[in-house]
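Structure, as C-alpha cells:
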Amino acid sequence: MMKYLNMSLLTFLAVILLVSCSDDEDIQSNVVDFENPPAATIITTGRVNVITESTVRYHTIDFDSAPYTVTIVETENDIVIVDLGPAPIFADELKTYVDAINKNGSVIITHNHGDHYGGASNFTNLDFYAQSEVADQLNNTEDFTNLYGKTVIAVSGNKKIGSLNFTFDKVSNAETGENGYFYNEEHKILFSGDLIYNLAHPYLREYSPKDGLDEIDNWLAGLNVLKTDFADYSHIFVGHNGSRSDIESVIDENIDYLQQAQVLITGSQMLTNGNAATSQQDVVDELNLLYPNYSEGGLFLSLPDAFFPGDPGADWF
C-alpha cells in the first residue's frame, strides 16, 4: 500500500513540476529580448530617453530647446513613430536612428502643425495615420503634401497599427483647430500631442478671446476629460518634452498654466507689477516669471514678428 502511495505522490509532484515549468515558459514567452537601442550619440541636436518594458520599448527623442518630441514605440517586429519634428536637420538624424532599429514602421501625426510633420519627406516609404479630421487637414495642407505625396490614412475609433491597437480621438478648438490624441489600453499609454506639455510653455498663439470662441475653455474641458479617462495610465507621451508617468500631475500642471494665462490675457488678474497686461510681450514676460523652469515651448510664437517680419502676433488685445 505504501508503495502505491509513494508512486502517487511522485506522480503528483511530477505534474506540479511540469505545470510550473510550463508557467515559467509562458512568462518567458511574454518578454521580448530587445537588442541594445541605437546609440544616443546619433542624435546630436537633442537627447534620447529609452524606456524598456516586457513587450514594448519607448524611445523619446527631444530635439532642440523647444523641445520637439518624437516618440518611437517599438515592439518585437514593428515600430510606430509618433510625430516627426519640425525640420529636415532633425529628421536626418531621426531617420538614422530609426534605420538602426531596423524594423517595419508606420507614422502617426497628432495634429496639423509643421513642427510635428516637418520631417515627413524622410519617411515617404512609410504609411502615415492620423485622427480623421486631422488627416483631412493634413491631406489638404500644401506644406505637408509637398513633403509627403501619399494620402494620410484617416482613423476614427480603433485601428491596429503595427502590432498594437490604438484608439483615436480629438479635442476641437483648443491648442489648435483639431488636436488629435490616441491611446493603447493594453499597455496603458496615452499620446496627447500638444494638448499636454511637459514643463514647457504651451503654444497659445491660436487663443482668440475677442471673437466669442474661448479656446482655453475648450482646452481645459478636454484636459479634464483626459484626466478622468487616463489618470491611472502608465505613461503619457507629449508633443514637447518627452514623457511622464504621473499623468494626473502633469495634466494638473497644464490646467494651472492655462488658467493663469487666461486670466492674464483677459485682464481678470493683474501682472506681478500691479498693472494689467496690454501686449503679448507683457503676458510672455509674466508667464516666464511665474514658470521660470519651463522649457521654451511655443509661447514665444505669440509675439509680433514671430513667423515673419510684420507678423502682428497673437490676437489677444
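Observations on the model:
- A Förster distance of 25 Å, applied to the separation of the beta-carbon atoms of Gln260 and Ser65, puts the FRET efficiency at 0.65.
- For the chain, built as a Gaussian network whose Cα springs stay under 10 Å, the top-fluctuating residue of Asn275, Asn139, Asn49: Asn275
- Positive dipole terminus of the chain, leading residue within Ser163, Leu289, Ser268 (C-beta point charges): Ser163
- Cα principal axis extents for segment 127-219, largest first, Å: 44, 34, 23
- Gain upon complete extension [Thr278, Lys210; 0.36 nm per residue less C-alpha separation]: 23.1 nm
- D (Stokes-Einstein, µm²/s), Kirkwood Cα radius, segment 40-245, 0.890 mPa s at 25 °C: 145 µm²/s
- Note: relative contact order over the chain, using C-alpha pairs below 8 Å and six or more positions apart, is 13 percent.
- Proxy reagent accessibility, fewest Cβ within 10 Å first, across Trp316, Trp219: Trp316, Trp219
- In this Cβ point-charge picture (+1 for Lys and Arg, -1 for Asp and Glu), the chain has a dipole of about 720 debye about its Cα centre.
- Count of Lys pairs (Cα-Cα under 24 Å; at least 8 positions apart or interchain) in the chain: 18
- Sorting Ile43, Ile51, Ile251 by the number of Cβ atoms found within 10 Å of their own Cβ, with the fewest placed first, yields Ile51, Ile43, Ile251.
- For segment 217-258 versus segment 48-91, the spacing of their alpha-carbon centroids is 19 Å.
- Degrees between helix 280-290 axis and first principal axis of the chain (Cα, 0 to 90, nearest 10): 50 degrees
- Of all beta bridges that DSSP places with both ends in segment 40-245, some 70 percent have antiparallel geometry.
- Estimated inter-spin distance, Asp305 and Asp229, nm [label 7 Å along Cα→Cβ]: 4.2 nm
Each value in this text was obtained by applying a stated rule to the coordinates, not by laboratory testing. Because the structure is a prediction, the values reported are computed rather than measured. Glycine also receives a Cβ, built like all others from the backbone with ideal geometry; neighbour counts cover every protein chain displayed.
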